[in-house]
Amino acid sequence: MKKTLLNNLFLLFFVFAGSTQAISQCANDNVLVAGNLTPPGVTLSTTQSYGAGQYMLANVIAGANYTISLCSNSSFDTQVTVYNDLTGAFIVYNDDFCSVRSQVSFTPTFCGDVRVLLDQYFCNNSGFTSVDVVMTMNTAGAGIPSLTPAPDQQTCSGGNVVIGLSNNGTGGVAPYVFGWNPIVNLTTPTQSQTGVTNVTTTQNYDLTLTDQNGCMAYDTVLVTVLPAPTVFLGNDTTICGGPILLDAGNVGSGYLWSTGSGAQTLSVNSTGAYSVTVQDPNGCIGGDAINIVVNPNPTVSLGADTSSCSPSVTLDAGSGFAGYAWTTGDNTQTTNVSGTGPVAVTVTDSNGCTATDTALVTLSPAPVVNLGPDSVQCGGSILLDAQNPGSLYFWSNSTSNQTTNATATGVYSVQVITPQGCSNSDSVNVTINPEPVVNLGPDTAICGSSIMLDAGNPGSNYMWSTGAPTRTVIVGGGTHYVDVSNSFGCSASDTINITTNATPTVNAGPDVTICTGTNTTLTATGGLTYVWSDGNQSSSTTVSPTTSTVYYVTGYDANGCSASSTVSVIVIPLSSSQFTSSVSGATAVFTNTSTNAVSYSWNFGDASPGSTSANPSHTYSSNGTYTVTLIATGPCGTSTTTTTVVITQVGLQDNDLSNTLSLYPNPNDGNFTLSFDFTTQKDVTIQVLDMSGRMIYSDIENNIMSYNKQIGLESAESGMYFVRIITTEGVVTEKVMIQR
């Protein structure tokens, strides 16, 4: 609020102690209230009394001329002193005339407060009641500085403000001095600016601008301290599970959480220290921090909903909890439930955290299953009933209906499951004893005088209509029945009617002999129709068996009676001529292996007479290859076969090789030693031939009397081979067997 001089006029009104009479002499004087007193705002009252030596305050301007006029209702001597507190006494004026009115003038050289002191001396001992004092500025002085008003300010608590101040260029005498009330931390005073810092309380700051003469200008700035936003996240806390919502409040502000979030609220679900800084729309900042411990909620599970066919079930919440609270009223780990409905448990862990789970318990009665007592019967089947309609049935015989037929001896069991899932079972021993099966066959006509009837069922008891107790009976025509009882006491019977007819006499003819490859016709007699064993259904059949065969024929008469007869067809095989030969020196020995022959004819192939013996031998007179022929004759014809023999030793001296020839080992693996001696020197060729006559080895020696060599036939396969020793006198052959 700016303060100025009021028309450069100060009215000072003093009321001195004494009379309270009205001021008659001064009634026409203008008595004004000073508008620029120090301290500002002080108002002097005309009713205020002052004694001698009292003073009043006034504000003056350097260089101005002032007149102090006094007006009293009585005469007095007055001493007026204008006193500057900074410089001491300034003007002293004495009025010694004891007049009612008096004046004093002065010109100050400074601006500021002065004290006007009034000392009173009474004239003629006359009293007074009051004095009017008027202080008038006669001439203008240097003036006071003029300020440009500074706007009011606001800041956050503890913040700084800078108040821009300046002299408007009029009034006062430079240089100037700025002063604040209350005193604050100022920057270096200048004409243009000063500052206010670290403001904590809302209040007015009064500025005094003082020039060189002490003249002052005033301004007041209201600095409003804005409170920091109040942020309270609550006391440190421990929660179960989470999350917990932290709210920084102060809607419309800016937020920065320790997590980096910029929202007003923060959802916390883990243990830690959390803090937030809040800046309100005025830019003021507040904050808070909180420690949160998040203990996990325990986990409890009663499992799936439980359905039971028992009268009660036990639910288990699991171990390890500090406390249990069941809706059944139990406070233990388990509870026994005997009714249908939901059952819940709340568990509490060592941190005081809780968890709850609920299970639906459904109790249903088990079905009553009764298949009845064990049963025994003869044949047939027994119907077993598991009852409990609408249920599921699992029989041991793999049927699934409510009922099942027991058709064989055994243990029959069933499991019954009701729609509620409850089950029960029962079993029963069923014995189905076999009934004897008695079948004497259909009523029949027999051929002949009797027939054997068989009641079957070995080991049973029999009673025939003939009285016979045996399994079989021989009966003639008529009606016959039998009753059979087995070891189980089960019985059955059968009846048959028999008609007797005579049987025909059937003859298949005499036995027949044929040669292999021929046929014969067989003819039957004595019947009306026939069936041969070869399938022919006429009286005659032509057969050509390859081996001796018995044929039979069944003949039927007009009554269907039959009789059978057999005939043998003897098959004689054809003759087969076969023989083998071996040569020793000039003699060949023949072994006859012919079959189905009774006589033999030999031809030795050298124009010599033949032989009819079965196994002849023949000595050849010269070396060579001869064709030998055998004709074998039997009941079903002749057979001829030929082969060749090679004679190589005719003329060879026996004493040359017979005593000295050696071939060993024999058999061998293809390696053997051949040795022999001659009585005179000879040229000799050694050959080895396979069975086909192919030469596989050859060795020629000239003018030798002895031969002794190891012959190796490594590539020869297993089999028989011939070793030939050839000289000009003949050939000697030896067999050698190679076995690998």
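The values are calculated or read from the model by the stated rules, or taken from the named source; none is laboratory data. Note that this is a predicted model, so its numbers are computed, not measured. Please note: Cβ atoms are built from the backbone with ideal geometry, for glycine as well, and neighbour counts cover all protein chains shown. Heavy atoms of the whole protein, side chains included, go into the accessibility calculation; ligands, DNA and RNA do not. Shrake-Rupley method; radii C 1.70, N 1.55, O 1.52, S 1.80 Å.
Worth pointing out:
- Residue list for segment 266-277, filter: within 14 Å of VAL231 (Cα to Cα) and either open to solvent by less than 50 Å² (accessible area, probe 1.4 Å) or among the charged types (D, E, K, R) (or both): LEU266, TYR274, SER275, VAL276
Here's the yes/no breakdown for (1) within 30 Å of LYS735 (Cα to Cα); (2) of a type in the set (Val, Ile, Thr); (3) open to solvent by less than 30 Å² (accessible area, probe 1.4 Å):
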site: VAL589; (1), (2), (3): yes, yes, no
site: SER608; (1), (2), (3): yes, no, no
site: LEU630; (1), (2), (3): yes, no, yes
site: PRO635; (1), (2), (3): no, no, no
site: THR648; (1), (2), (3): yes, yes, yes
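- Out of PRO311, PRO298, one residue alone is free of Cβ contacts under 8 Å to residues at least 60 places away in the same chain and touching a Cys at 6+ places or on another chain (Cβ under 7 Å). It is PRO298.
- Within segment 359-375, considering residues that are surrounded by 14 or more Cβ atoms within 10 Å (Cβ to Cβ) and more than 38 Å from the chain's Cα centre (by Cα), the one farthest from SER425 (Cα to Cα): SER375
- Residue within segment 211-233 that is open to solvent by 50 Å² or more (accessible area, probe 1.4 Å) and either under 49 Å from the mean Cα position of the chain (by Cα) or modelled with pLDDT of 95 or more (or both) present: yes
Listed here are the residues, each with its yes/no results for (1) touching a Leu at 6+ places or on another chain (Cβ under 7 Å); (2) within 27 Å of THR444 (Cβ to Cβ); (3) aromatic (Phe, Trp, Tyr).
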position: PRO458; (1), (2), (3): no, yes, no
position: TYR462; (1), (2), (3): no, yes, yes
position: PHE488; (1), (2), (3): no, no, yes
position: THR499; (1), (2), (3): no, yes, no
position: THR513; (1), (2), (3): no, no, no
position: SER540; (1), (2), (3): yes, no, no
position: VAL567; (1), (2), (3): yes, no, no
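- Residue among ALA325, ALA263 that is surrounded by fewer than 17 Cβ atoms within 10 Å (Cβ to Cβ) and more than 36 Å from the chain's Cα centre (by Cα): ALA263
- Residues within segment 412-449 that are of a type outside the set (Asp, Glu), in contact (Cβ under 8 Å) with a residue 40 or more places away in the chain, exposed (fewer than 14 other Cβ atoms within 10 Å of the Cβ) and not in a strand (DSSP E or B), tallied: 7
- Residues within segment 521-560 that are open to solvent by 30 Å² or more (accessible area, probe 1.4 Å) and touching a residue at least 12 places away in the same chain (Cβ under 8 Å), tallied: 24
- Taking segment 450-470 as the range and being in a loop (DSSP other than H, G, I, E, B), in contact (Cβ under 8 Å) with a residue 24 or more places away in the chain and closer than 14 Å to SER485 by Cα as the test, the residues that pass are ALA455, GLY456, ASN457, GLY459, SER460.
- Residues located in segment 561-571, provided they are open to solvent by 50 Å² or more (accessible area, probe 1.4 Å) and either without any contact (Cβ under 8 Å) to a residue 24 or more places away in the chain or within 22 Å of PRO635 (Cα to Cα) (or both): ILE570
- Only residues that are on the phi > 0 side of the Ramachandran plot and either open to solvent by 40 Å² or more (accessible area, probe 1.4 Å) or assigned to a loop (DSSP other than H, G, I, E, B) (or both) were counted across segment 387-411, and they come to 4.
- Among residues of segment 694-720 that are closer than 17 Å to PRO665 by Cα and assigned to a strand (DSSP E or B), those with a beta-carbon under 6 Å from a residue that is open to solvent by less than 60 Å² (accessible area, probe 1.4 Å) and of a type in the set (Val, Ile, Thr) at least six positions away or on a different chain give the pairs GLN710/THR673.
- Residue within segment 669-680 that is touching a helix residue (DSSP H, G or I) at 6+ places or on another chain (Cβ under 6 Å) and buried (at least 16 other Cβ atoms within 10 Å of the Cβ) present: yes
- Top-ranked residue of segment 481-508 - restricted to ones that are open to solvent by less than 20 Å² (accessible area, probe 1.4 Å) and part of a strand (DSSP E or B), ranked as modelled with the lowest pLDDT: ILE498
- Single condition TYR697 does not satisfy, out of (1) at pLDDT 90 or above; (2) over 18 Å from VAL731 (Cβ atoms): (2)
- Selection status of LEU315, buried (at least 18 other Cβ atoms within 10 Å of the Cβ), touching an Asp or Glu at 6+ places or on another chain (Cβ under 7 Å) and over 30 Å from ASP247 (Cβ atoms): no
- Lone unmet requirement of (1) farther than 30 Å from LEU360 by Cβ; (2) surrounded by fewer than 17 Cβ atoms within 10 Å (Cβ to Cβ) for SER310: (1)
- Among the residues of segment 238-260, those that are closer than 24 Å to GLY158 by Cβ and open to solvent by 40 Å² or more (accessible area, probe 1.4 Å) comprise ASN250, VAL251, GLY252, LEU256, SER258.
- Residue in segment 620-635 that is β-branched (Val, Ile, Thr), assigned to a loop (DSSP other than H, G, I, E, B) and at pLDDT 90 or above present: no
- Any chance THR728 is touching a residue at least 40 places away in the same chain (Cβ under 8 Å), among the hydroxyl-bearing types (Ser, Thr, Tyr) and open to solvent by 70 Å² or more (accessible area, probe 1.4 Å): yes
- Here the condition is being at pLDDT 90 or above and either of a type outside the set (A, V, I, L, M, F, W, C) or farther than 24 Å from VAL628 by Cβ (or both); of PHE672, PHE678, it holds for PHE672 alone.
- For ALA586, the requirement of being of a type in the set (A, V, I, L, M), in contact (Cβ under 8 Å) with a residue 60 or more places away in the chain and closer than 30 Å to VAL482 by Cβ is not met.
- Looking across segment 278-302, the residues that are over 30 Å from THR332 (Cβ atoms) and open to solvent by 70 Å² or more (accessible area, probe 1.4 Å) come down to GLN279, PRO281, ASN282, ILE285, ASN291.
- So SER613, is it at pLDDT 85 or above, exposed (fewer than 14 other Cβ atoms within 10 Å of the Cβ) and assigned to a loop (DSSP other than H, G, I, E, B): yes
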